[in-house]
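Trainee: Below is the structure I would like to discuss, written out as structure tokens.
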Amino acid sequence: MNRDDLTLESLVMIAHGIARQFGNDCEVCIHDLQANDLEHTICYIINGHVSGRKIGDGASKIVLETLEALKKGDNVSDHLGYRTHTSDGRILKSSTIFLKDESGKYRFILGINHDMTNFINAQSALSNVVENIETTGEDIYGQIPLSVNDLLDNLIEQSVKLVGKTPALMTKDEKVKAIKFLQDAGAFLITRSGDKISQFFGISKFTLYSYIDQAKAVDE
């Protein structure tokens, strides 16, 4: 087995690894440039159904450009993550990697063509689902509660955020403001919520009802 065979064998192993990693929608092919036969450069291919090609098929546009550049003595560089498409309109994310033999000449090209059509369609579908959701700013409805007790805790937490102070530092007017928020949010519809809210704000239930009346008066 000569040196080139060893290189090709290694490339085949790499090709299988890439295809296994990304699945059946990822085509990996190896072009052999040695014969200078543009109609038959593909010497190995996995998942050829992506582009419809097979072993023995010819060079792609980028392979032709590379051969022309080499003919002129120009340097070539890998092309990674560029967009191509198939004849039936599927969109591919492609990479082309140029490999030299032991003499320093470019001998093989490793081509990767990953069909991104399903991902793009999924992205479009997801965008339609989430496009009306605010992704910035305040989450005005808070966490989804597991019970009415959780819901009450969430509402109390939101009332504190509204004022921006802990109950111990709130003035009377600020407590009225917090309690008005709870009133408007329907917190007092929850059974025994008055006990918990009055205890949280460090006031008596009598004072709580007084604050509720004051909060109602604001809306009148």
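Trainee: Sort Leu11, Leu162, Leu99 by accessible area with a 1.4 Å probe, largest first.
Mentor: Sorted by accessible area, descending: Leu162, Leu99, Leu11.
Trainee: Taking only C-alpha pairs under 8 Å that are 6+ residues apart, what is the relative contact order of segment 1-103 in percent?
Mentor: Computed value for segment 1-103: 17 percent relative contact order.
Trainee: Continuing with the same structure: Have a look at Gly186, Gly56, Gly89 and tell me which one the Gaussian network model of the chain (Cα, springs below 10 Å) gives the largest fluctuation.
Mentor: Evaluated over the chain, the most mobile residue of the options is Gly186.
Trainee: May I pose another question? Can you give the relative contact order of the chain as a percent, counting alpha carbon pairs under 8 Å and 6+ residues apart?
Mentor: Rounded, it is 13 percent for the chain.
Trainee: Now a separate question. So what is the calculated 222 nm ellipticity per residue for the chain, using -39500 (n - 2.57) for each DSSP H run with n of 4 or more, over all residues, to the nearest 500 deg cm²/dmol?
Mentor: Mean residue ellipticity at 222 nm (helix-derived): -14000 deg cm²/dmol.
Trainee: OK, next. If you average the alpha carbon positions of segment 13-73 and of segment 91-132, how far apart do those two centres end up, in angstrom?
Mentor: Taking the Cα centre of each part, segment 13-73 and segment 91-132 sit 14 Å apart.
Trainee: Let me ask something else about it. Please compute the Kirkwood hydrodynamic radius of segment 1-76 from all pairs of different C-alpha atoms, in Å with one decimal.
Mentor: Radius from the Kirkwood sum: 13.4 Å.
Trainee: Next question. Any idea what the relative contact order of segment 139-217 is, in percent, if you count C-alpha pairs under 8 Å spaced at least 6 apart?
Mentor: Relative contact order comes out at 30 percent.
Trainee: Among Thr207, Tyr106, Phe119, whose Cα sits farthest toward the positive end of the charge dipole of the chain (+1 at Cβ of Lys/Arg, -1 at Cβ of Asp/Glu, about the Cα centre)?
Mentor: Final value for the positive-end residue is Thr207.
The values are calculated or read from the model by the stated rules, or taken from the named source; none is laboratory data. The structure displayed is predicted, hence computed values, not measured ones. Cβ atoms come from the backbone with ideal geometry, glycine included; neighbour counts cover every protein chain shown. Each accessible area value is taken on the protein alone, full model and side chains, heavy atoms only, with ligands, DNA and RNA left out. Shrake-Rupley method; radii C 1.70, N 1.55, O 1.52, S 1.80 Å.
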